Each structure stands twice: as C-alpha cells, then as structure tokens.
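Peer 1: Got a structure here, written out as structure tokens. Questions coming.
The values are calculated or read from the model by the stated rules, or taken from the named source; none is laboratory data. Keep in mind it's a predicted model, so treat the numbers as computed, not measured. Cβ sites come from the backbone with ideal geometry, for glycine too, and all protein chains shown count toward neighbours. Surface accessibility is based on the protein's heavy atoms, side chains included, excluding ligands, DNA and RNA. Shrake-Rupley method; radii C 1.70, N 1.55, O 1.52, S 1.80 Å.
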Amino acid sequence: MSGIQVPYTDFAKAHDPLRGELDAAWRRVMDREWFIGGEEDRAFEREFAAFCGVKHCVGVGNGLDALRLILLAMGIGAGDEVLVPANTFIASALAVSYVGARPVLVDPDRETALITPEEAAKHITERTKAIMAVQLYGRVADMESFAALAEKHGLALIEDAAQAHGAERNGKRAGAFGAAAGFSFYPGKNLGALGDAGAVATDDAELARRVRALSNYGSETKYHHEMQGVNSRLDELQAAFLRVKLPHLAAWTAERRRIAAVYRENIRNEKIRLLSEDAGCVHHIFPVFTRERDRLRDELEAAGIHCLIHYPIPVHLQKAYAGLGYRKGDFPAAEELAETELSIPLYPGMTEEQIGYVADALNRF
C-alpha cells in the first residue's frame, strides 16, 4: 500500500500563508470592541459586491438565512410556490418552507446536474412566484434562458450561489444574474469564513434595504420595527477573516480549475462518468459518478484517498419532506445522481503527486 495520503480538503494549505493577516484581523476587531455591524462588515459588503459585479451586498448569518431573507423581502409566503432543484442540498428547500411557501421540485439534467429552463417550465402554475436556480458544484445554470422564462411568467429569479463564489457564465459572475443571490461562507466553501456566515447580493437597492432590516429584527432604527424580522447578521470577526481571504480567491479558483483540468485529462475509466465540461465552473466539488459508488469509495479510502458524497438522499426522499407527496421514481435524474455521486479531493495546495495518485486510483477501479 502506498504511503500517500490525500485528505478530502486541507484547510492548512490556505490558512497557513495567511496566519499573520488572520491574526491581525482578529486583533483589529478586538481593539475596536465593535462586534456586529461595524467597519469590517461594511467593508466586506462593498468588496464582495464589487467582486460579484453587483451594487449591493448584505452580510447575514449563513447561506440558508440569505435565501430565506431574499424570499421574505420579496413577500413570498403562504400559498406561494418556488421552483427548486430536486438534487440540491436541503437548505434550498428549507428556505422556501421557512417563509411558508411550498418548494416545487424540478429534476436536473444528468449531464450538468443543474436544472434547465425547459424542465422548470413544466412545473409553473398560477401559484408559482419564483425560480431558485442552484449553482451546484460551482457551475452556473443557463441563467439567460431562466431570466427569459421568469420574465415571461412574471416570476422572481433567485440564485442559490452557496457553492459558486466567482463562477462565471458569458463574462458575468454568479450573484449577478437574478433579482438576488444567496451565498454561504461556511468554512468548507471556496471562500470560507472561520465559522458560519452568509450574504445576499443584488442590484436592487430596495430589496437590499429590506433584507438588511429583516436580518436585524425588522428594524432600520433601533427599537423601531417596521417588519417582523429575524436575527441574522454577519459578525465583525467573520467579516474581517473574509476580507483577508477574498483577495486570494481568484488565485485559489485558478488552481482549482487547473486541478480539475488535470483530472478531466487523465481520468479514463468506462465505469466512471464525469459531468460535461464547464469553463466557468469554480469546482467547489469535483464529482465522479459510477453505479458501483460504494465499492469505489471503499477502494479509494483503503488507498488513503478520502472522499465525500454530495448528496446521498435527494430532497423528495427526505423524511422532512414526506408531506410534499413525492415518491421514489418521480425525479429519476436526481435519484441517479444521488445513488452514483462521489466527490473526490480537489483543493488549492494539492501536490502533483496527490493529483496523479487520485487519477491513477480511479483508472485502476
């Protein structure tokens, strides 16, 4: 057995070179003694808005809250429907449920793992109020066609960009396509905080104002509550850490794309399927697909290659959503992806030896 070990990810590769800057960020926050809604938060909001190519950014507590606050700010609630991919992480559906609306699931395209406007159109009813396009794995959906579909039916177009920091399509970055986008800065994301954090990106000043007020107990002025809001704010410490990391995101993304290109060039096994190529993808996750997923995972783990599964149970088969009335077989592509997907290591700082070792192990399977 080889002595090579390949973790699924290695935070130290990104954090160690930035340790001095991260320590300084922590000290800035401690010295100011202002821990929520201060200079670091506002500066990060400006910087991340500029990165995404939008006019406004509102820092919030996490990615789920970002989506929930967008829906609340749009007035979507009881009796309304929102189209959501059947193969997303459950947070996308939960955001819809939390505002009292119904998530209506859409089967993805098996070659991209993203929903298409053509499939989404089949599920639009008089109760549909929004389409939530999830930029899964760091790939951007056909947002131009989604925008046309949304305009045709008078719907809001929302991006779940939790995995797509810096992802691109036709020269535009994720976060700049719909009416608003929700981002997560969970530590494992391409741009990750050192705890939970999220943000809403939008060009709509009024929507940004409502999201900010809703995230602060429905208040713009202390003790004056115009709306029934929640408590979901980006704290100063996480904002400071994110400000340190944001300038490095482009280089990290370039490295992710280089590693993905090596994988695509070298993985050659008829038992293993890859998604279609996407030049704008930021490869938050690099999935491979095989009917013998569990055996492949066991073989890779035995070889010291650590993998994850995203996501083994699609939304419609989760116990939490049994009440929607869906059954096994209703979303065949989502079910196939769930049963065959394995996420292999891909992160900045991987050595050439590790990358080649992973590719060789996949080819031996």
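Peer 1: Rounded, prolate or oblate: which fits the stretch 248-288, taking a ≥ b ≥ c as square roots of the Cα gyration tensor eigenvalues, rounded meaning a/c under 1.5, else prolate when a/b beats b/c?
Peer 2: Details: a/c = 2.71, a/b = 2.17, b/c = 1.25.
Prolate shape, in that a/c is at least 1.5 and a/b is the bigger ratio.
Peer 1: Counting Lys and Arg as +1 and Asp and Glu as -1, each charge on the Cβ, what is the dipole of the stretch 35-192 about the Cα centre in debye, to the nearest 20? Before the final figure, lay out each step's value.
Peer 2: Working: 15 positive and 20 negative charges, 16 e Å.
Taking the Cα centre of the stretch 35-192 as origin, the dipole is about 80 debye.
Peer 1: Of all accessible surface on the chain at a 1.4 Å probe, what whole percent is carbon and sulfur?
Peer 2: Numbers: 7930 of 15680 Å².
Using a 1.4 Å probe with all protein chains present, the chain comes out at 51 percent carbon and sulfur.
Peer 1: Taking the Cα centre as origin and putting +1 on Lys and Arg beta-carbons and -1 on Asp and Glu beta-carbons, what dipole magnitude results for the stretch 208-311, to the nearest 20 debye? Don't skip to the end; give the middle numbers.
Peer 2: On the way: 18 positive and 14 negative charges, 55 e Å.
About 260 debye.
Peer 1: Moving on to the next point. Over the chain, what is the relative contact order in percent, taking alpha-carbon pairs closer than 8 angstrom and at least six residues apart? Before the final figure, lay out each step's value.
Peer 2: Working: 762 pairs, mean separation 83.9, N = 365.
That works out to 23 percent.
Peer 1: Excluding same-chain residues fewer than 8 positions from residue 13, which lysines have a Cα within less than 18 Å of its Cα?
Peer 2: Residue 13 reaches 189, 245.
Peer 1: Using a cut-off of 14 Å between beta-carbons, work out the net charge of the residues near residue 34 (Lys and Arg +1, Asp and Glu -1, residue 34 not included). Can you show the working numbers first?
Peer 2: Details: positive: 27, 28, 32, 42, 233; negative: 31, 33, 39, 40, 41, 235, 236.
Residues close to residue 34 contribute a combined charge of -2.
Peer 1: Any chance you could tell me what percent of the C-alpha pair distances in the stretch 142-193 go past 18 Å? Before the final figure, lay out each step's value.
Peer 2: On the way: 460 of 1326 pairs.
Result: 35 percent of Cα pairs exceed 18 Å.
Peer 1: To the nearest 500 deg cm²/dmol, what mean residue ellipticity at 222 nm is calculated for the chain from DSSP H runs of n ≥ 4 alone, each contributing -39,500 (n - 2.57), summed and divided by the residues? Please report the intermediate quantities before stating the final value.
Peer 2: Details: 13 runs with 139 residues, N = 365.
Value at 222 nm, helices only, nearest 500: -11500 deg cm²/dmol.
Peer 1: Mind putting a number on the dipole of the chain about its Cα centre? Charges go on the C-beta only, +1 for Lys and Arg and -1 for Asp and Glu, and I need it in Debye to the nearest 20. Don't jump to the answer; show the numbers that get you there.
Peer 2: Working: 42 positive and 52 negative charges, 47 e Å.
Charge dipole of the chain: 220 debye, to the nearest 20.
Peer 1: Hey, of (1) 30, 57, 13, 0; (2) 26, 55, 19, 0; (3) 30, 62, 9, which did the structure itself give for P(r) over Cα pairs in 20 Å bins from 0, in percent when calculated?
Peer 2: (1)
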